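Okay, structure first, notes after.
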Amino acid sequence: MNTLLHSPGRAEVRDELGRGTFDLLVIGGGIVGIAAAWTAAQAGLRVALVDAGDFAGATSSASTKLVHGGLRYLQTGNVRLVAENHRERRSLAAQVAPHLVSPRRFLVPIYADGPHGAAKLGAGVFLYSALSAFGDGLGRVVSRANALDQVPALRAEGLRAAAVYTDHQMNDSRVAIMTVRAAVAAGATVLNHAAVRGLRRSGGRIVGADLRDALDGTEFGVTARLVLNATGPWLDRLRTMEDPSSGPSIRLSKGAHLVVRQQEPWRAAVTVPVDRYRVSFAIPWEDHLLLGTTDEPYDGDPADVRATDADVAQILAEAGHALDGLRREDVAYAFAGLRVLPGGPGDVATAKRETVITEGRGGMLSIAGGKWTTYRHIGRIVLERLGVGADVLKTVPLPGLATPAAVAHRLVAAPMEPSVAAHLATHYGTLAFDLADLVRRDPALGAPVHPDGPDIWAQVVYARDREWAATPDDILRRRTTLTLRGLDTPEIRARVADLLEEPPHVHLP
């Protein structure tokens, strides 16, 4: 049993944030900011992390949910990036988060009228697997019959064969929250729903920020030796606070996705070649299919990014290049996020996905770019800019490290419904035993939030008391899978809002 104290209240956290001087203030609680906070805290620095919204509330919970090497990057010749991605992917899957990151076989169908032939794709997936030292098997070409056996929904007409390779997938919101937990365990002080109102200065240097708690309006401040701007799509807004004359440094690309009710199980995911350069994905995920993504320039307000009807139509049409039976009425949820790309000319679809750190006139560091797979590497880059050697760090697992099957087995013996046990095991690892303890204390918390999904009410209480959830969206969209499954009803939302107003349900010993 994990023995966890109840999380400190927001007032206590604000008091801590206002006490003394931090070594590092990270503004922005997406995975880049979270990783920087975790890494710096592991190195022994006093670290603060704040976000205007929820942790992973924007781009970081709107990804394709992949921990991958980037097969398509081989198309642009970026072998170094693919090799780096593979190293981090395998470390996450084997050492850091095997309870949260799972392998997934992918097929690339080869059609008579497709943009790529069997020889080219076969060579590509072989090189891809070689760059991972064949740790996930050998990339190869399989027969038409083999491909249809693994993915019965593949369009059979014109199908000649399929290239096969392996990557990994995750629930990005859950991995982000677990990483926040790891940062706090390492000593970081964190607060979501805390918006920057202004930057603090001393002698022309940025030495902190003034903030406002979005939940109760309390104003407070944080003083720090160094401020890191990790606000993603809002990066240039904070840079302008530092220096009103600063010009644009980034550009944004919108990526939309669909969550579709799956008609029959697949044994593999599908990478759909759209043209010579772009691909789309159809990935079994959370008992549904995840389809996408788009890649289009975006110049609107980042807070307003949405998946439009045109996005839905485009994603279904592109998936239809290789799949039959996809229907608009089966779409359970649609979402969109923004990739942060370094500024420059050219098409956003071919822009480099690299991390860039710049220093402003007031000494604030701004970090742009990066990807989920290499988020730990990004943290090390920031640490080096702080003048702390990253070689002092060891590979530290995320909380809950365990084999999910073993956790599920113990939960079933609790007793717990097998589908719920499997769900909790792959979203919490051994922390799922704390949820089982809540259910033992109050059996009503073992009831499903919605009869068509595996999430239970204990997760709602746990999210409130242990995972910084403060709004219904925090819980329904990011701590659980209810919104993504299309199960976010007005009645459930009202009940969750009521629970958020109640005091902590149980103080774990």
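The values are calculated or read from the model by the stated rules, or taken from the named source; none is laboratory data. It should be emphasised that the depicted structure is a prediction, and the values quoted were computed from it without experimental measurement. FYI the Cβ positions are ideal-geometry reconstructions off the backbone, even for glycines, and counts take in every protein chain you see.
For the range 149-173, residues that are surrounded by 17 or more Cβ atoms within 10 Å (Cβ to Cβ) and assigned to a helix (DSSP H, G or I) total 3. Look at (1) at pLDDT 95 or above; (2) over 26 Å from His288 (Cα atoms) and you find that His507 fails only one, number (1). Taking each residue of the range 481-504 that is modelled with pLDDT of 95 or more and crowded, with 20+ Cβ neighbours inside 10 Å and looking for partners that are β-branched (Val, Ile, Thr) and part of a helix (DSSP H, G or I) with beta-carbon atoms closer than 6 Å, six or more apart or interchain, yields Val496/Val460; Val496/Ile475. Among residues of the range 300-314 that are at pLDDT below 95, none has a Cβ under 6 angstrom from a residue that is part of a loop (DSSP other than H, G, I, E, B) and charged (D, E, K, R) at a sequence gap of 6+ or on a separate chain.
Return yes or no: is Ala469 crowded, with 19+ Cβ neighbours inside 10 Å and modelled with pLDDT of 95 or more? Against the criterion (crowded, with 19+ Cβ neighbours inside 10 Å and modelled with pLDDT of 95 or more), Ala469 qualifies.
Quick one: in the range 336-372, of everything that is of a type outside the set (D, E, K, R) and crowded, with 22+ Cβ neighbours inside 10 Å, which residue is modelled with the lowest pLDDT?
Residue satisfying both the conditions and the ranking: Gly370.
Yes or no, residue by residue, for (1) in a loop (DSSP other than H, G, I, E, B); (2) within 28 Å of Ala334 (Cα to Cα):
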residue	(1), (2)
Leu24	no, no
Val32	no, yes
Trp38	no, no
Ala56	yes, yes
Gly69	yes, yes
Tyr73	no, yes
Pro103	no, yes
Val108	no, yes
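Residue by residue through the range 241-265, note down the ones that are surrounded by fewer than 22 Cβ atoms within 10 Å (Cβ to Cβ), more than 30 Å from Ile367 (Cα to Cα) and in contact with a helix residue (DSSP H, G or I) (Cβ under 7 Å, 6 or more places away or on another chain). Result: Arg261, single match. The range 364-450 holds no helices (runs of 4 or more DSSP H) entirely within its bounds that carry 3 or more residues that are in contact with a Phe, Trp or Tyr (Cβ under 8 Å, 6 or more places away or on another chain), closer than 30 Å to Ser246 by Cβ and in contact (Cβ under 8 Å) with a residue 40 or more places away in the chain.
Closer than 17 Å to Ala182 by Cα, charged (D, E, K, R) and surrounded by fewer than 17 Cβ atoms within 10 Å (Cβ to Cβ) - does that describe any residue in the range 394-406?
Within the range 394-406, the first condition is being closer than 17 Å to Ala182 by Cα, and the residues that meet it are 394-402.
In the following step, the residues that additionally are charged (D, E, K, R) were identified as 394.
Okay, now just the ones that are also surrounded by fewer than 17 Cβ atoms within 10 Å (Cβ to Cβ), so 394.
Yes, the range 394-406 has at least one match.
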